[in-house]
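As structure tokens, the structure follows; a few thoughts come after it.
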2 protein chains.
Amino acid sequence: MDIDARRKSDPEHWKLASAIRVLAMDAVEAANSGHPGMPMGMADVATVLFRNHLKFDASAPHWFDRDRFVLSAGHGSMLIYSLLHLTGYQQMTIEQIRNFRQLGAITAGHPEYGHVEGVETTTGPLGQGIATAVGMAMAEEAMRAEFGPELCDHRTWVIAGDGCLMEGISQEAIGLAGVQKLGRLIVLWDNNDITIDGRVSLSDKTDQRARFEASGWRVLSCDGHDAADIDRALSEAAVDDGRPVLVDCKTIIGFGAPTKSDSAKAHGSPLGAEEIAATRKAFGWDAPAFEIPQDIAATWKEIGARGAKLRDAWETRVNALSTDSREEFTRRIENKPNAQLAENISALKSKTSAEKPKLATRKASENTLAVLNPDMPENFGGSADLTGSNNTKTPDMGIFSAENRLGRYIHYGIREHGMAAAMNGIWLHGGFRAYGGTFMTFTDYARGAIRLSALMGLPVVYVMTHDSIGLGEDGPTHQPVEHLAICRATPNLLMLRPCDQVETAEAWEIALTQTNRPSVMALSRQGLPTLRNTHLDENLSAKGAYVLRDATGGKPEVVLMATGSEVEIAVNARDTLEAAGTPTRVVSVPSMELFRAQPAAYRQDVLPAGTVRIAIEAAVRQPWDWLLLGERGREEKSDFIGMKGFGASAPAPELYKEFGITVEAVVERAKALL
Amino acid sequence: MDIDARRKSDPEHWKLASAIRVLAMDAVEAANSGHPGMPMGMADVATVLFRNHLKFDASAPHWFDRDRFVLSAGHGSMLIYSLLHLTGYQQMTIEQIRNFRQLGAITAGHPEYGHVEGVETTTGPLGQGIATAVGMAMAEEAMRAEFGPELCDHRTWVIAGDGCLMEGISQEAIGLAGVQKLGRLIVLWDNNDITIDGRVSLSDKTDQRARFEASGWRVLSCDGHDAADIDRALSEAAVDDGRPVLVDCKTIIGFGAPTKSDSAKAHGSPLGAEEIAATRKAFGWDAPAFEIPQDIAATWKEIGARGAKLRDAWETRVNALSTDSREEFTRRIENKPNAQLAENISALKSKTSAEKPKLATRKASENTLAVLNPDMPENFGGSADLTGSNNTKTPDMGIFSAENRLGRYIHYGIREHGMAAAMNGIWLHGGFRAYGGTFMTFTDYARGAIRLSALMGLPVVYVMTHDSIGLGEDGPTHQPVEHLAICRATPNLLMLRPCDQVETAEAWEIALTQTNRPSVMALSRQGLPTLRNTHLDENLSAKGAYVLRDATGGKPEVVLMATGSEVEIAVNARDTLEAAGTPTRVVSVPSMELFRAQPAAYRQDVLPAGTVRIAIEAAVRQPWDWLLLGERGREEKSDFIGMKGFGASAPAPELYKEFGITVEAVVERAKALL
């Protein structure tokens, strides 16, 4: 490519884009790690996007009606950091750029939501950005339908690379966006033909344009280094014709680096001093590292201020709303809690304690949602094609679709990973609390996005039913065994496994009042009795573990701990042990994370030292060692009744017998340990 | 559809297919759970496939040169059970069919490899079958190239549904098959337009044919209820023109059920007695449940015996080989161990103990593979586009591609899930031991397939590098924290985290001699010293944990346990403690699973009671409670030095300091606990 001709054809654009390129290569060099090639390759596209198309105001990163910009190819983090710095985001000082990838800097290796303003979602694990953006775009459609285009009227722009498009999650995103006709979702494909291992052709020959078209996308293309051509393509892309848009931007990775551009060498390592010097020369860039010439800096700052008028006008419209409307709109876009939640939960608990129904906790979850959803317009539900099994849909919710943007229930299709990422996007956009269902075992399929929920601290709710061998005949492929342990091992994730309708209502109250962590709710397929027979306003599950049945006739000699469907076993074992004269306490443990956060005195009250302790859970033991051996437990006086390996196919009651998770086994073990 | 006309147009086919349909609906009814609709819808296609195309011999389910048949839509398990029964697989008696989904029966809810002969891979989690089949087809190409078409010459047939095709993993499989030009891979798409939630259009409008074509597939189609048309399509499909084949089979779910066919009602529940009676009538099927009329049974048995001659001829060719060739071929197809492995490992260990190099364990892994691979033609390596980072390629391995089927290294592309499933398929096919690399944190992306490796008991090897915050600047999205716990919580999975070159060599020896479980090898990005300075032939890592440095001057008062990159910290902390007069032992724990399997006496020797115990691992504590509090440990005398949450972006040494995983922290904690 004739760099010089490019440079001369549009000198102002050239300087603006060069500023990004130089910052990127210099920052990576200073950090001695990072990815210069992608920011250098996409600098032209990003410059045109920010200069002419993206609706944003650098002075107001949280302005609700901004366009969302998602860098799905998160390894190119210096692209977004450069843009934030140049356009004048207050946090993104040149010091931060200088400290790229250093401890304490906001310029993390990959862009992190919450770590720096202007980063809309955490990316790096490939494909997450594009799938999260689908959620953002759906939330935008829904908010626009609900509040009108005066208050919500923006686009979602994504930069994605070949890596994003090879990851399976991208197909789930593409399919979902296609059927949902998200015409304001625009993916800019950094088509540079290079992956870490070499040319894309080593591992893929997919015609991406045909692939996107096959799912109902509109496909445009441009020369990714020609500002006018990029501008034309983005202008076309910005017209919403009901199809999401892929713009095939033909680019050169490491654009301008004389020996390393268009090769994997430019991808993930510093270019080196010599190559950088030669690149500077090719760019006609004389300024030293981390210095942006005054005129270029000024033009970039103007770009950053371009949206201020639009924001002013939007704020005027918001302020013109009636007080009630404004307050509700503000509550929604700030994802604030719902005032009626506590009351509705308490009423349901009270009714349940009186009526004592026997039902699966997945059904209990549906009952809870049926009470909550009519008063919580922010609840946005869905399931990965298991609506009737996950019990996630309530009668008041219409189906969200291209024809009905007021619907609040999404048929995500058989796309667990795409669903989880979209849920993240819905929350990140603002306006809705997303929950979505699948079988507990398919947390496996969604792990990549669930981890990002936890890392970003997004209080989405995973409704995971069929949570043990209790699902029965579908067998070991569908029976979670290690998944409770997996969720509990994941930092900043709240794992809730309620035992009956009352605890399920409490679990929903907990999940829907979280502000900075996701919840995974593990729910049974099989029917369970109501064990919380006496109504209390207090949310006992919020303590994580509590005494459900206490020992009678003396201090407890045995403490039985259990969660979810196994609490019934514990209660029945206690009855037998008590009848035999052994004072026995049952501790229900709906959430280990919440119990861990209780004061030591409370924990000691619930789990006194010196007793026999048995934990019962139809899953692996790993997370229970803490409560059996720790918290003043003792190895020789404790045991675990649960799963040692994978399950099997049979009716649930037979499986519980087969794997020895029975009242008899608990009683026997308790007696042996006494 | 005019059932009657269909029935009359080809009466023999009709009867054969009806036998499948009736068995399926009757078995589901008897089990009172299962999926009748899919077997009923695909019975015609399956009948034509087994009758005219599939190369198999029901009397020899393990015949190496059989075609592989994969039911990716595993919920339709009664389809394959019916076929196995009808064609005369010995294990699949009518009693087993009667006991569908019951405890102890081989007719599990979803088809399970190893549980029943004739099931080539475990399916049920959607999309796994198609992705596993890609591995099988690659192994077939590779074996054919190596041993010639006289010994290996078969196809891989897959039945996949809309669910399989919506899952992201299917895209990874489609892309990989396309670039690899797997012309003998044929996917029969059960295009019935129904998912659990309703019509496919609720959640997808992807033009699947265009999508497959975009990745280089050949697309055919047929009326899935017209035997002649199916036969035509399968005949065309069987011609290998270097493109994998999708056959779009237009079908009706629950075909023949008068009120439930073509609806979600036929998908996942018994049809009910009334509907079954009406369906029988429509089929003209008078026989009672589980009885197959003599003539139909006889024809099906002939179909099952159709391949016997081909098998005889193949066996004759195998027997005609020279003894050496035959023995090696047999060793390979039976996945038997390699005789030279132990010797090569021992030599490397000896050299290492003498030279004491400092290097990352990912590099140590490469060194080990460089020694092993030339003598192990069965090793089939690859990486999900991180070859240079995972250090998975050795110089002797060519690149496996359409142009070079003798290559033994696959560029899997950015497809962790597809890679893991393909690795399962490679092993299942026979002839190769697959290993594949990515970053440890992306076990998340591959979880669905890794779990199946464990459930099926396949000794594939996951080479997971960059295994902690020690990867440094890439930050928390790339830093595994909970992933060691996740692997350890997974039943039947061997998790290995070696501390130096010697342990890495031992880890490979362990992994490559496993017969019934996968290994996950967690390897460092950063350099580590050689800690095993004295050569021993014995594989100490095989004990799971062992005394690496013992206390001097008395019984140990402190025991430091660590794995991988943290063993160095333990060794240095011991030096400090010993210098201060505290007898301190270091226990290296390369594998908790292996240590758990040791006799109690050995475990007590390694971890004596009554000492201070500290575990050091740059990960969450969850799996360590066992060794800190259990195994006669004590809460008040033990502690864990590791991660409490997610990592951060910075150079690795700074992160270790930031998160308090240092020699000083260990020493201080030990002193406090003494």
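Please treat every number below as a calculation from the coordinates, not as lab data. Note that the coordinates shown come from a computational prediction; the quantities given were computed from them, not determined experimentally. Counting neighbours? That spans all protein chains shown, and the Cβs are built from the backbone with ideal geometry, glycine included.
Worth pointing out:
- Pairs of Cα atoms farther than 17 Å apart, segment A:291-432, %: 73
- Segment B:3-310 - share of DSSP beta bridges that are antiparallel (%, nearest 5): 10
- With the simple spin-label model, which puts each label point 7 Å out from Cα in the Cβ direction, the A:Ala228 to A:Ala277 separation comes to 3.7 nm.
- Distance between the pseudo-spin-label points of B:Lys358 and A:Glu658 (7 Å out from Cα toward the beta carbon): 5.4 nm.
- FRET efficiency, 1/(1 + (r/R0)^6) with R0 41 Å, evaluated for A:Ala210 and B:Asp2 via beta carbons: 0.65
- Residue-span extension gain [B:Gln90 to B:Leu536] - 0.36 nm each, minus C-alpha spacing: 155.7 nm
- Amide proton proximity set for B:Val559, modelled H, under 5 Å, gap of 5+: B:Arg585, B:Val612, B:Arg613, B:Ile614
- With the label put 7 angstrom out from Cα along the Cα-to-Cβ vector, B:Asn32 ends up 6.9 nm from the copy partners, going from closest to farthest.
- Under 18 Å, Cα to Cα: Lys pairs in segment B:543-673, sequence gap 8 or more or different chains: 4
- A point 7 Å from Cα along Cα→Cβ stands in for A:Gly284, and the other copies hold the same point at 8.4 nm, listed in rising order.
- The Cα atoms of the protein assembly as shown give a gyration tensor whose axes a ≥ b ≥ c have a/c under 1.5, which makes the shape rounded.
- Modelled this way, with points 7 Å down the Cα-to-C-beta line, the labels at B:Glu327 and B:Asp10 are 4.9 nm from one another.
- Inter-chain Cβ neighbour average for residues A:491-499, partner chain, 10 Å: 1
- Dividing the summed helix terms, -39500 (n - 2.57) for each DSSP H run of n ≥ 4, by the number of residues in the protein assembly as shown produces a 222 nm estimate of -12500 deg cm²/dmol to the nearest 500.
- For chain B, the longest principal axis of the C-alpha atoms and the axis of helix B:128-147 are separated by about 80°.
- Bridging of A:Lys55 to lysines at a Cα separation below 27 Å is possible for A:Lys15, A:Lys181, A:Lys250, A:Lys301, A:Lys309, A:Lys336, once same-chain residues fewer than 8 apart are set aside.
- Take each residue in B:221-233, count the other chain C-beta atoms within 10 Å of its C-beta, and the mean is 0.
- Where both bridge residues fall in chain A, DSSP classifies roughly 10% of the beta bridges as antiparallel.
- When the square roots of the Cα gyration tensor eigenvalues are ordered a ≥ b ≥ c, the ratio a/c for segment A:339-529 is under 1.5, which makes its shape rounded.
- Close amide H partners of A:Asn192, meaning residues 5 or more places away or on another chain with modelled amide H under 5 Å apart, are A:Asp162, A:Thr251.
- HN-Hα J in Hz across segment A:286-293 - Karplus 6.51, -1.76, 1.60, θ = phi - 60°, x for Gly and Pro: 9, 5, x, 3, 6, 10, 10, x
- In this calculation the C-beta distance from A:Asp550 to A:Thr316 is compared with R0 = 56 Å, giving a FRET efficiency of 0.40.
- DSSP-loop GluC sites (Glu not before Pro) across segment B:302-340, with at most 12 other Cβ within 10 angstrom: B:Glu334
- Segment A:610-631 residues near the modelled B:Arg596 label - backbone nitrogen below 19 Å, point 7 Å along Cα→Cβ: A:614-630
- Rounded to whole numbers, the Karplus 3J(HN,Hα) couplings from phi for segment B:384-396 are 7, 6, 9, 3, x, 8, 7, 6, 9, 9, 10, x, 6 Hz, using 6.51 cos²θ - 1.76 cosθ + 1.60 with θ = phi - 60°, and x at Gly and Pro.
- Arranged from fewest to most other beta-carbon atoms within 10 Å of their beta carbon, A:Met521, B:Met376 become B:Met376, A:Met521.
- Cα gyration tensor shape for segment B:543-673, rounded if a/c is under 1.5, else prolate or oblate: oblate
- Pseudo-label separations to other copies for A:Thr576 - Cα-to-Cβ vector, 7 Å, nm: 5.2
- Radius ratio Rg over Rh of segment B:1-102, counting only Cα atoms, Kirkwood formula for Rh: 0.97
- On a per residue basis, the convex hull of the C-alpha atoms belonging to segment A:3-310 measures out at 114 Å³.
- Each of B:Trp427, B:Trp285 was scored by other Cβ atoms within 10 Å of its Cβ. Arranged with the fewest first, they read B:Trp285, B:Trp427.
- Among the residues of A:199-212, the average count of other protein chain beta-carbon atoms within 10 Å of the residue beta-carbon is 6.
- Summarising the amide proton neighbourhood of A:Leu548: residues at separation of 5 or more, or on other chains, whose placed amide H is nearer than 5 Å comprise A:Val586, A:Val587, A:Ser588.
- Ascending count of other beta-carbon atoms within 10 Å, so fewest first, for B:Leu310, A:Leu512: B:Leu310, A:Leu512
- Potential lengthening of the chain between A:Ser235 and A:Glu302 amounts to 22.1 nm, from the contour at 0.36 nm per residue minus the alpha-carbon distance.
- Karplus-derived HN-Hα couplings along segment A:185-198 (A = 6.51, B = -1.76, C = 1.60, θ = phi - 60°), whole Hz, x at Gly and Pro: 9, 10, 9, 9, 8, 6, 8, 9, 6, 10, 10, 4, 7, x
- DSSP bridge pairs, segment B:339-529: antiparallel proportion in percent, nearest 5: 10
- Tail weight of P(r) past 31 Å, computed on alpha-carbon pairs of chain A, percent: 56
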